[in-house]
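**Q** Handing you this structure, nothing more for now.
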Amino acid sequence: MKNKLLLLTLACWAGQAGAQSVQGTYGPSYIIQGFYAFEANTMDNSLNTEWDIAFFTGGAQGAGIHVNEAAGSSGTELELYEAPTSDFNATISTGSLELRLYNDELSWEHGAFNANNDPGDPDDYGWGYYIQSQDAIIGDEVFVLKLRNGAYKKIQIVSLEQGIYTFKYANLDGSAETVKTINRADFGSLAFFTFTGGGEVLDYFPQQWDLLFTRYSAPLDDGSPDPVNYLVTGTLSGYGVEVAKATGVDPQSVNFESYEDSLKSGLDVIGYDWKDFNLQTLQWSLPGDRAYFVKTASGDVWKVIFTSFSGSSSGNFSFNREFVGNVSSSHEAETAFSSGLGVFPNPVQGETTLAFSLRQAGRVQVLMHNSLGQLAWSGRFEANEGFNAIALPELAVPAGLYAISLQFENGDVVTQMAIHQ
């Protein structure tokens, strides 16, 4: 049943030349989250407790699963823990829960359920492991979720196979076990699930959105040896969205061209620090020297300047948006890869190295096709922001000319490779 709090088509009016003002809200005590879409200029609002976990359903490679960290300033947040056992049938005690897991706000392809993966192993997704012979990710971990009402559920993501997530959950003693499935093809970039009312996959959240105004956990430096996670009120980017932050500038006159190479796909580039809280005056203020350039998945670029924030009394905020233009599709690969793909040596005899540069760290897929267009070999690798050199093993393929491509989020690069034997 559609249970959405509010779907609001935002009123806009001319501000400075070419700009429009947008009004939004986090709600009193920050109880609301809003999904904003630039093209439609709509903010789809709901209570921030309406969903519990989100499954990544966009792109071909990602298997990210996020926990909803939002809670009002007087509410109770969800807590996700790594279970002390990988046996789903085992009884789990709450006293054995130690390692709490958080979303890292790096990508929708990597959430709290992926947090315990091995960064050096591209087939390790945290909640499960990719089995090439099955072309599936098979779950091998058990998690415990403490719900907002204080109840506990153990949960295991059983598999992601042929585009379908299968997961199961139960009480800690194994009672009330339930199995659910989510078909990635039925959703845009995220599928939302709630444990309320016996468990339900929610189909009323928007399929296309660019910015999420919400509460989330972020590590803050409070002077202790290890940063502590606190709930913050901020803004996260949607899938395929990239943001560049311009600081120390005149926000009205700053141009996108100066920041085109600074676009990043991290979820929290806008984050929570677009506003400041003065501990002496107990007032919120906005930096006067800051603007953001937001590039949507369709390539449209918007300048965003925040203009007001009321704090927890109402949660109201506003920003000006100004359309900058559309980044051509030929630039999409440039936003992901800041260099072309090099193969050394080429022709190849034995091992070889792929050299490339990325604008954002993440997982890349390598595909090699023969002259008939048939897939001859594939692999996945973790890559760093900046220059990367990935050593490929000696490939058991016939001699000949191959097309080798790297795929990463919204772009790819392709080159030719000759193999001699």
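The values are calculated or read from the model by the stated rules, or taken from the named source; none is laboratory data. Predicted, not measured: the structure shown is a model, and the values here were computed from it. Note that we place each Cβ from the backbone using ideal geometry, even for glycine, and neighbour counts take in every protein chain shown.
**Q** Within region 412-421, track down each residue that is under 28 Å from the mean Cα position of the chain (by Cα) and buried (at least 18 other Cβ atoms within 10 Å of the Cβ). Outline the logic, then answer.
**A** Within region 412-421, the first condition is being under 28 Å from the mean Cα position of the chain (by Cα), and the residues that meet it are 412-414.
Of everything in region 412-421, just one residue is under 28 Å from the mean Cα position of the chain (by Cα) and buried (at least 18 other Cβ atoms within 10 Å of the Cβ), namely VAL413.
**Q** While we're here: In the list GLY139, GLY126, GLY111, which residue meets the criterion of being under 25 Å from PRO219 (Cβ atoms), free of Cβ contacts under 8 Å to residues at least 40 places away in the same chain and buried (at least 20 other Cβ atoms within 10 Å of the Cβ)?
**A** Working: GLY139 fails: under 25 Å from PRO219 (Cβ atoms); GLY111 fails: free of Cβ contacts under 8 Å to residues at least 40 places away in the same chain.
Testing whether each residue is under 25 Å from PRO219 (Cβ atoms), free of Cβ contacts under 8 Å to residues at least 40 places away in the same chain and buried (at least 20 other Cβ atoms within 10 Å of the Cβ) leaves just GLY126.
**Q** Then there is this: With respect to GLU77, is the statement that it is within 16 Å of LEU211 (Cα to Cα), of a type in the set (Asp, Glu) and either surrounded by fewer than 19 Cβ atoms within 10 Å (Cβ to Cβ) or out of contact with any helix residue (DSSP H, G or I) (no Cβ under 9 Å at 6 or more places or on another chain) (or both) true? Explain how you work it out, then say what you get.
**A** Numbers: within 16 Å of LEU211 (Cα to Cα): no; of a type in the set (Asp, Glu): yes; either surrounded by fewer than 19 Cβ atoms within 10 Å (Cβ to Cβ) or out of contact with any helix residue (DSSP H, G or I) (no Cβ under 9 Å at 6 or more places or on another chain) (or both): yes.
No; evaluated as a whole, the condition is false for this residue.
**Q** Applying the selection to region 177-202, what residues are aromatic (Phe, Trp, Tyr) and modelled with pLDDT under 95?
**A** So the first thing to find is which residues in region 177-202 are aromatic (Phe, Trp, Tyr), and the list is 187, 192-193, 195.
Matches in region 177-202: PHE187 only.
**Q** Right, next: Where residues in region 25-46 are in a strand (DSSP E or B) and not hydrophobic (A, V, I, L, M, F, W, C), which of them is nearest to VAL241 (Cα to Cα)? Quick ask: steps written out before the conclusion?
**A** At the first step, the residues of region 25-46 found to be in a strand (DSSP E or B) are 25, 32-37, 42-46.
Add one more test, that the residue is not hydrophobic (A, V, I, L, M, F, W, C), and what stays is 25, 33-34, 36, 42, 44-46.
Working: THR25: 21, GLN33: 18, GLY34: 16, TYR36: 12, THR42: 16, ASP44: 17, ASN45: 20, SER46: 21 Å.
Here the answer is TYR36.
**Q** Further question: Only one of (1) out of contact with any helix residue (DSSP H, G or I) (no Cβ under 6 Å at 6 or more places or on another chain); (2) part of a loop (DSSP other than H, G, I, E, B) is not met by ASP261, so which one is it?
**A** The failed condition is (2).
**Q** Restricting to strands (runs of 3 or more DSSP E) lying wholly in region 73-155: which have 1 or more residues that are modelled with pLDDT under 95?
**A** Of the strands (runs of 3 or more DSSP E) lying wholly inside region 73-155, those with at least 1 residues that are modelled with pLDDT under 95 span 128-131, 136-139.
**Q** Now, a different point. Just to verify a result, which residue in region 1-48, among those that are hydroxyl-bearing (Ser, Thr, Tyr) and modelled with pLDDT of 95 or more, is farthest from HIS66 (Cα to Cα)? Outline the logic, then answer.
**A** Taking region 1-48 as the starting set, the residues that turn out to be hydroxyl-bearing (Ser, Thr, Tyr) are 9, 21, 25-26, 29-30, 36, 42, 46.
Keeping just the survivors that are modelled with pLDDT of 95 or more gives 21, 25-26, 29-30, 36, 42, 46.
Values: SER21: 31, THR25: 23, TYR26: 20, SER29: 23, TYR30: 20, TYR36: 19, THR42: 24, SER46: 18 Å.
Out of the qualifying residues, it is SER21.
**Q** Which of (1) without any contact (Cβ under 8 Å) to a residue 24 or more places away in the chain; (2) of a type in the set (Ser, Thr, Tyr); (3) touching a helix residue (DSSP H, G or I) at 6+ places or on another chain (Cβ under 9 Å) does THR214 not meet, given it meets every other one?
**A** Condition (1) is where THR214 drops out.
**Q** Continuing with this model, one more query. Mind checking which residues of region 279-293 are under 12 Å from ASP250 (Cα atoms) and part of a loop (DSSP other than H, G, I, E, B)?
**A** From region 279-293, those under 12 Å from ASP250 (Cα atoms) are 287-292; that's our starting set.
Passing the criteria: PRO287, GLY288, ASP289.
**Q** List pairs: first in region 77-102 and in the same structural domain as ALA176 (by TED's automatic domain parsing) and under 19 Å from ALA151 (Cβ atoms), second among the polar types (S, T, N, Q) and assigned to a strand (DSSP E or B), Cβ under 7 Å, 6+ apart or cross-chain?
**A** Listed pairs, sorted by first residue: PHE88/GLN156.
**Q** Further question: From the residues in region 340-356 that are surrounded by 18 or more Cβ atoms within 10 Å (Cβ to Cβ) and in a strand (DSSP E or B), which one is nearest to the chain's Cα centre (by Cα)? Outline the logic, then answer.
**A** The first filter runs over region 340-356 and keeps only residues surrounded by 18 or more Cβ atoms within 10 Å (Cβ to Cβ), leaving 341, 343, 348, 352, 354, 356.
Adding the requirement that they be in a strand (DSSP E or B) leaves 343, 348, 352, 354, 356.
Working: VAL343: 30, VAL348: 37, THR352: 32, LEU354: 26, PHE356: 23 Å.
Looking at the filtered set, the residue picked out is PHE356.
**Q** A further question on this structure: Across region 369-401, what is the number of residues that are more than 25 Å from SER107 (Cβ to Cβ) and crowded, with 16+ Cβ neighbours inside 10 Å? Quick ask: steps written out before the conclusion?
**A** Of the residues in region 369-401, the ones more than 25 Å from SER107 (Cβ to Cβ) are 369-377, 393-401.
Still in the list and also crowded, with 16+ Cβ neighbours inside 10 Å: 369-370, 376-377, 395.
Matching residues across region 369-401 total 5.
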